[in-house]
């Protein structure tokens, strides 16, 4: 099989979307073999593998920097595992959430807002029990939150950050947030960060991250791809 080198950065959104949609129907195994990238047997210890593969195929350049994946376009890349009907199988990680009082209270000044201002969603179809190599790239979507979506995200973010600022982190659980959740994020149970409690005292707690609920991402994909809901 002829070697396919990493793609050059796209020069426009149209080129990026055309490139992404050109991958639709390909298996991840095929894309990996073309680029001579080893395929893991499962993703439990290779959670970033799909993203890395898509970055090479699409020309993303930001890597782990605090920039959009396509900085020249201001576009973030998000792969999203879906079932054969197009329904997301899990929530989508957005970014880490500092707990030391440094997060802006205003949604439009926040890092989650910047990360979600323009997103290339690439669905990855995951039939039940399919190993990574047999998963299939779906039809990509370029998304900017519409007014209703932005309002929901803003309400969730501002409610969550208010609880953090008040030292009420203990009140934040999986029931909070219609679209945006705050959940523990750490590779190990002993990963801890500093946070302020309700008395203004510094405590050690599990790191947190912002996630989009699967129901929210499912709705936005359904509307833009005209999928059944």
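The values are calculated or read from the model by the stated rules, or taken from the named source; none is laboratory data. These numbers were taken from a predicted model, which means no experiment stands behind them. Virtual Cβ from ideal backbone geometry, glycine too; neighbours counted across all protein chains shown.
Cβ-Cβ distances below 6 Å connect the following pairs, each with a first residue in the range 70-87 that is free of Cβ contacts under 8 Å to residues at least 40 places away in the same chain, a second residue that is part of a loop (DSSP other than H, G, I, E, B), and a separation of six or more residues or different chains: 71/62. Annotation note: of 151, 133, the sole residue that is within 17 Å of residue 23 (Cβ to Cβ), at pLDDT 95 or above, over 18 Å from the mean Cα position of the chain (by Cα) and part of a helix (DSSP H, G or I) is 133.
Is it true that residue 84 is part of a loop (DSSP other than H, G, I, E, B), at pLDDT below 90 and farther than 25 Å from residue 184 by Cβ? Answer is no for this residue.
Looking across the range 1-52, the residues that are free of Cβ contacts under 8 Å to residues at least 60 places away in the same chain and not in a loop (DSSP other than H, G, I, E, B) come down to 14, 15, 18, 19, 30, 33, 34, 51, 52. Being under 27 Å from residue 222 (Cα atoms), touching a strand residue (DSSP E or B) at 6+ places or on another chain (Cβ under 8 Å) and surrounded by 14 or more Cβ atoms within 10 Å (Cβ to Cβ): is that true of residue 174 here? Here the answer is no, as residue 174 does not meet what is asked. Can you pull out the residues in the range 154-185 that are part of a loop (DSSP other than H, G, I, E, B), at negative phi and at pLDDT below 90? Selection gives 166, 168, 172, 173, 174, 175, 185.
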